[in-house]
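Asker: Supplied in structure tokens, the structure appears directly below.
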Amino acid sequence: METPSSVFFLLGASHHTVPLAVREKLALDATRSAALAARIQASAGLHEFTLLNTCNRVELYGVAADQAALGRLRVALCEITGCLPVEVDQVFSLRHNHEAIAHLFSVASGLDSQIVGETEILGQVKASYDEALAKKWTGPVLNRVFQKAFQAAKHIRTHTGIGEGQISIATVAVDLAGRIFGDLAPVKILVVGAGDIGLKTVIAFQGRGAKSVTVASRTLSKAEEVAAQAGGWPASMAELPEIIADADIVASSTSAPDAVITHDMVAAAMKRRRSRPLFLIDLALPRDIEPTTAKISDVYLYNLDDLAKIAEGNLARRRAELTKCKTILAERAQALWPQVERNLLSLV
């Protein structure tokens, strides 16, 4: 078959090659995401696109008329993220056609996640695609590829054991707390953030027997709603200095652009704790907790990369399933490519 000049592409950066501090720089808030989308729409030669932006990856899937269009996309990324061209070339990888399809299948199925087998990523991929579809950023190529990706992910969940064990960010965080304290019933827990991860963290703590859970949020009504899931107590963000001083474990997962738990806040809390240790678990990106808090005596700080290392022990039990999943996805991607190739030829 004739090779199409248009290409299905992935331009992305993830936890595999980008350290946490750099991922913070690349993270796109709503304003920067909108600015990047506007630039892509205005760029000649970019026919379709979807932006996947999570705590562990920034990925652009799309259809480009030629390499020049991809060059303009790199320029837009530099301007929006503030990265130098050499930095973009170092951290963003480019995949084409069949290879890009296979990668999307792996991402949607949780095989490319920092915690392999986690389920949150499928919802994030669906949300990104739904937004692109609603805003008419997609077309026949992306619509077909993403629908097939969702089907592949469902097949993996149904027919393999890749999802067994403690594998979500929330459950790994709570597993860590259980390792440290054993019985969580007498432990005082503070969950900062009442979004999806915050809710899942509260539910996971409840499932491990926690009896004292406080939920803090910028919106008190949201904190009340999530706290009710575990029979806990709601709090406002203004109360953080007081309730941190009383907590044994603080798990934070807000979408704030800057740290909500500062070094000074924790240092002041520790003066009131009489050498009682404080365990901080940062589930956010950009990070919620200033890294320098780890230097305070009796403070133990864990971030997303630390949790991924802990989850490696759980992955060992699913290693055989991982190989099986990769084989299934490779076959599905190979079967889909001829259909996508025909669509690309129609754009010439």
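Nothing in this text is a laboratory measurement; each read-out follows from the coordinates by a stated rule. As the structure is a computational prediction, the values presented were derived from the model and not from experiment. Heads up, the Cβs are rebuilt from the backbone with ideal geometry, glycines too, and the neighbour counts pull from every protein chain shown.
Asker: Over the range 169-311, what portion of Cα pair distances is larger than 23 Å, expressed as a whole percent?
Answerer: Counting pairs separated by more than 23 Å, the tail of P(r) holds 24 percent.
Asker: Order of 198-205, 8-15, 322-329, 148-155 by packing, highest average Cβ count within 10 Å first?
Answerer: The most tightly packed comes first, giving 198-205, 8-15, 148-155, 322-329.
Asker: So, one more: Step through the residues of the range 269-281 one at a time and calculate ³J(HN,Hα) from phi using the Karplus curve (6.51 cos²θ - 1.76 cosθ + 1.60, θ = phi - 60°), rounding each to whole Hz and writing x for Gly and Pro.
Answerer: 5, 5, 5, 9, 9, 6, 6, 6, x, 10, 9, 10, 10
Asker: More than 34 Å apart: what percent of Cα pairs in the chain qualify?
Answerer: Every Cα pair in the chain considered, those over 34 Å come to 31 percent.
Asker: I would also like to ask the following. Rounded to whole Å and sorted largest first, list the principal axis extents of the Cα atoms in the range 78-166.
Answerer: Computed over the range 78-166, the largest-to-smallest principal extents equal 43, 31, 23 Å.
Asker: Classify the range 84-127 as rounded, prolate or oblate from the Cα gyration tensor: take a ≥ b ≥ c as the square roots of its eigenvalues, call it rounded if a/c is under 1.5, otherwise prolate when a/b beats b/c and oblate if not. Please report the intermediate quantities before stating the final value.
Answerer: On the way: a/c = 2.38, a/b = 1.66, b/c = 1.43.
It comes out prolate by the Cα gyration axes.
Asker: Classify the range 203-244: rounded, prolate or oblate, from the alpha-carbon gyration tensor (a ≥ b ≥ c, eigenvalue square roots; a/c under 1.5 rounded; otherwise prolate if a/b is larger than b/c)?
Answerer: Judged from the Cα gyration tensor, the range 203-244 comes out oblate (a/c at least 1.5, b/c at or above a/b).
Asker: By how many nm would the segment from Asn143 to Lys211 grow when fully extended, if each residue of separation counts as 0.36 nm and the alpha-carbon distance is taken off? Show your work: numbers first, answer last.
Answerer: Details: separation 68, 0.36 × 68 = 24.48 nm, distance 4.58 nm.
The Asn143-Lys211 span can extend by a further 19.9 nm.
Asker: Given points 7 Å out from each Cα along the Cα-Cβ axis, report the Val75 to Ala294 separation in nanometres with one decimal.
Answerer: The two pseudo-label positions are separated by 4.0 nm.
Asker: Follow-up. Using label points projected 7 Å from each Cα along Cα→Cβ, tell me how many nm separate Glu225 and Ala34, to one decimal.
Answerer: Between Glu225 and Ala34, the simple spin-label model gives 2.2 nm.
Asker: Output the Cα-based Rg and Dmax of the range 118-211 in Å, rounding Rg to one decimal and Dmax to a whole number.
Answerer: Radius of gyration, then largest Cα-Cα span, for the range 118-211: 17.7, 55 Å.
Asker: Taking every pair of alpha-carbon atoms in the range 1-85, what share in percent sits in each 5 Å bin, from 0 to the bin with the longest distance?
Answerer: 3, 14, 26, 25, 17, 9, 4, 2, 1
Asker: ³J(HN,Hα) across the range 83-95 via Karplus (A = 6.51, B = -1.76, C = 1.60, θ = phi - 60°), whole Hz, x for Gly/Pro?
Answerer: 7, 6, x, 5, 5, 4, 5, 6, 9, 9, 9, 10, 10
Asker: By how many degrees, between 0 and 90 and to the nearest 10, does the Cα long axis of helix 196-207 differ from the longest principal axis of the chain?
Answerer: Between the helix axis and the principal axis of the chain, the angle is about 50 degrees.
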